[in-house]
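A short worksheet on the structure shown next.
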Amino acid sequence: LDLGLLGRVAAECFVPLAYGGGIYSVTDAETAVACGADKIVLTWRRRDLIAPLADRLGSQAVVACVDVYLNDPVILLTSTVREMVDMGAGEVMLQVIDLDGTLSGAAISPVMIVRPLVDVPLVYGGGVSAPEDFRVLAASGVDGIVAGALWQFTAMRPDDAKDALASFGYRVRQRVTA
């Protein structure tokens, strides 16, 4: 846990802050929350922490991050997601490992498989490269989109994504100018 960094980010961040990595116990998660995290992100390897954290912090504070490989059997994806939500995860993040950081376009198939299975917020990450990806993902029912490489390695900015979503008819928070 890099608690110093987490505290500095939390002091400047005015949206819900999710923290993952280095969480090996309920105490680690509670420490991250005390430093400003609103949500704890856990992978399948740390699934044993889902139920105790959901009991202690509430399901809304537990994010199940599911690593998706596009050639994995569908049953593996569906069983993993169902089990993690049944344990108490209040949000699912699909991280498409094959596409992460590639800017090659989003893969809609994992979303179409998972969305009907869960009634918790669903976040997608992997390959997002253009405004059209935001439209397609939003239309598929995701509640959030991770697009780190897009912001890091292209000229596109979050406001551009908001403008694109608005142009497709989605309600987005308007920019506030001083």
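The values are calculated or read from the model by the stated rules, or taken from the named source; none is laboratory data. As the structure is a computational prediction, the values presented were derived from the model and not from experiment. Here the Cβ is made from the backbone with ideal geometry for all residues, glycine too, and neighbour counts use every protein chain on show. Each accessible area value is taken on the protein alone, full model and side chains, heavy atoms only, with ligands, DNA and RNA left out. Shrake-Rupley method; radii C 1.70, N 1.55, O 1.52, S 1.80 Å.
Below are the figures for this structure:
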{"read-out": "Number of the exception - Tyr24 against (1) open to solvent by 40 Å² or more (accessible area, probe 1.4 Å); (2) under 22 Å from Ile145 (Cα atoms); (3) not in a helix (DSSP H, G or I)", "value": "(2)"}
{"read-out": "Test: residue in the range 144-155 that is among the hydrophobic types (A, V, I, L, M, F, W, C), open to solvent by 30 Å² or more (accessible area, probe 1.4 Å), in contact (Cβ under 8 Å) with a residue 24 or more places away in the chain and assigned to a helix (DSSP H, G or I)", "value": "yes"}
{"read-out": "Some residue of the range 84-100 being in a loop (DSSP other than H, G, I, E, B), in contact (Cβ under 8 Å) with a residue 12 or more places away in the chain, touching a Lys or Arg at 6+ places or on another chain (Cβ under 7 Å) and more than 25 Å from Ala61 (Cα to Cα)", "value": "no"}
{"read-out": "Scope the range 84-130; condition touching a Phe, Trp or Tyr at 6+ places or on another chain (Cβ under 8 Å) and acidic (Asp, Glu); matching residues", "value": "Asp98"}
